[in-house]
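Data first, discussion second: the structure below is written as structure tokens.
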Amino acid sequence: MNFSEVKYLFSKEFQLELRRKSGINSILLFVVATTFVSFLAIDQLEQAPIWNALFWIIILFANINAANNTFRNDSENTQLYLNQLAHPNSILIAKTLYNAFLMSITGVLNYLCYSLFLGNLISNHLLFIALIIVAALGFAAVLSLTNAISSKASFNNSLMPILSLPLLVPFFIILVAQTNHLIGNKEYHDFNYSSAREGMETEIICSNLIAQNDSNNQKEQTYFLATDLQQKTRKVAYVGDINFENNQPIILKGKEYKGIFYASSIWNKANISAISNVKYYGALVLITIIVLLVGQFLFPKIAKF
Amino acid sequence: MRQLWWKIICIVLMVYTVAYGLLTDVPALHTLHETIRNLFYHVPMWFTMFVLLLISMIYGLIYMKKRDLKYDTISTAFAHVGCFFGILGFVTGMLWGKYTWGSYLPKDPKIIGAAIAILIYFAYFILRSAVNDEEKKASLSAAYNIFAFVMLMIFTGVYPRLVDSLHPGNGGNPGFDSYDRDTRLSAVFYAAVPGWILLGLWIANVRSRMDLINAKIKNK
């Protein structure tokens, strides 16, 4: 890999895009259209899991659309010519960087659009934009390589999502988890207790969760004595195995059945520790670096065709 | 790989695993009870899948080095058999999960990892069917194979460290260390692992030889 080569190839991609403007415009249209369709169905999104899922689904398909033309924009003759001028690794790096640039713009614009139409649940905007940009690098690394593979095959339009979707799942698991952390500065946990199917969905704000051991009930081994802050009463609540380290208020959502509260989700108003952020962002960067290295190894071997 | 001795070892180990695994006494553990015998079947199937997929990736690397279609055929055969063992492991795990966790597919990092492994290799087979030219097919699928295996390794290496799992040994559940002290279990388990791996290698070996002969007939 040669930095001056990468610089020239990157500026070539950039200038071509500025001349055509088809790539960026189609992605913008995609993002605005999908968020608008979601807006037609839902006015304001308040459930964190749905906010999270919809946001990343839009990003995923916008990015696959964006990367679909990475190698097909160049005709076969142009590719041969480029291969004579530069090392394949530089070509891949330049394409990856360009895709990362495009995808970060898509991500940030999607975030703006999404906040406008469907509401914003994120508390720390800077950290979330950093997450979008780190994710864009990772997506670009994976999608450029899969596009290089699929552009050589026939039926490449439908092949690209098939090849890249399973490979992107590791990213999405980390992204979804970290977004859950960043939403409203609350920690989100999800539980499903079968015994809580009856009754109305209620929400209580409580503090002082005291763990108790339940010897009668084998399946749900621990329950908590929660102090309801509004009614000043104590309640028995099943919330699963969670460590409550701070004394800050906790919002429990769930159903009450025979005097016992079964939580379906917990909102912990704790500040997210820096260590957990470092862990998730670090994992993303690590995966991206490994994917880039694998791409550097593999791409020269398939660039010949 | 055409010698007889390792096949005999495989048969002996498998007969021992299947027969003695069902006959032996197992520790009566809470909620697990007799389902703990799944340790002899479910866990080694995953090990076998990983070994077969690793060999498939290594043959992909060899193909990239030597550019001989023979290695590509072997690589694909190993991926096929590896996928088959993955599905077997998935089904045994689902059955076991129904009776111990109460659900066929709870959300668990290892289950997600396994499902993705199988999905990735399905994508690999689709890629192979989408390319007509043999040389091109071989090198593209070898590249995807290597990439897929690296992603799989990252996934199984990084993700389970970020979250808790329901599986034994994670998230406060008793792990294999505590089972190891029980000689009744380890006596079968340590025979089951090489037994299943050898069986997987045998199937993949037969399959790759069959594919090589088919390719030879086709080229005549």
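Please state the relative contact order of chain B as a whole percent: Cα pairs under 8 Å, 6+ residues apart? Provide the component values of the computation, followed by the final result.
On the way: 223 pairs, mean separation 75.3, N = 220.
Worked out over chain B, it gives 34 percent.
In this structure the amide hydrogen of A:Phe261, modeled in the peptide plane, comes within under 5 Å of the amide hydrogens of A:Val236, A:Ala237, A:Tyr238, none closer than 5 places in sequence on its chain. Over region B:1-67, the ratio between the Cα radius of gyration and 2.2 N^0.38 Å evaluates to 1.61. Residue exposure proxy: B:Thr100, B:Thr48, ordered by other Cβ atoms within 10 angstrom of their Cβ from fewest to most, comes out as B:Thr100, B:Thr48.
Quick check on the exposure proxy: order B:Trp96, B:Trp101, B:Trp196 from fewest to most C-beta atoms within 10 angstrom.
With the fewest neighbours first, B:Trp96, B:Trp101, B:Trp196 line up as B:Trp101, B:Trp96, B:Trp196.
For chain B, the mean residue ellipticity at 222 nm estimated from helices alone is -27000 deg cm²/dmol, where every DSSP H run of n ≥ 4 contributes -39500 (n - 2.57) and the total is divided by all residues, rounded to the nearest 500. Backbone amide hydrogens, once placed in the peptide plane, bring A:Asn2 within less than 5 Å of A:Ser90, excluding anything fewer than 5 places away on its chain. If the chain linking A:Val176 and A:Val32 were pulled fully straight, counting 0.36 nm for each residue of separation and taking away their Cα-Cα distance, it would gain 49.7 nm.
In order along region B:10-16, the phi-based Karplus estimate (6.51 cos²θ - 1.76 cosθ + 1.60, θ = phi - 60°) of 3J(HN,Hα) comes to 4, 4, 4, 5, 5, 4, 4 Hz; Gly and Pro are listed as x. Under a model in which nothing but the beta-carbon of Lys, Arg (+1) and Asp, Glu (-1) is charged, region B:1-109 shows a dipole of about 460 debye around its Cα centre. Take every pair of alpha-carbon atoms less than 8 Å apart whose residues are at least six positions apart; their mean separation over the length of region B:50-134 yields a relative contact order of 22 percent. Residues A:Thr34, A:Thr202, B:Thr35, A:Thr96, arranged from fewest to most other Cβ atoms within 10 angstrom of their Cβ, appear as A:Thr202, B:Thr35, A:Thr34, A:Thr96. Legend: calculated FRET efficiency, A:Asn25 to A:Ser158, from the Cβ-Cβ distance at R0 = 25 Å, rounded to 0.05, equals 0.60.
Only the coordinates and a few stated rules stand behind these numbers; no lab work does. This is a predicted model, so every value here is computed, not measured. Positions of Cβ are backbone-derived with ideal geometry, glycine not excepted, and every protein chain shown enters the neighbour counts.
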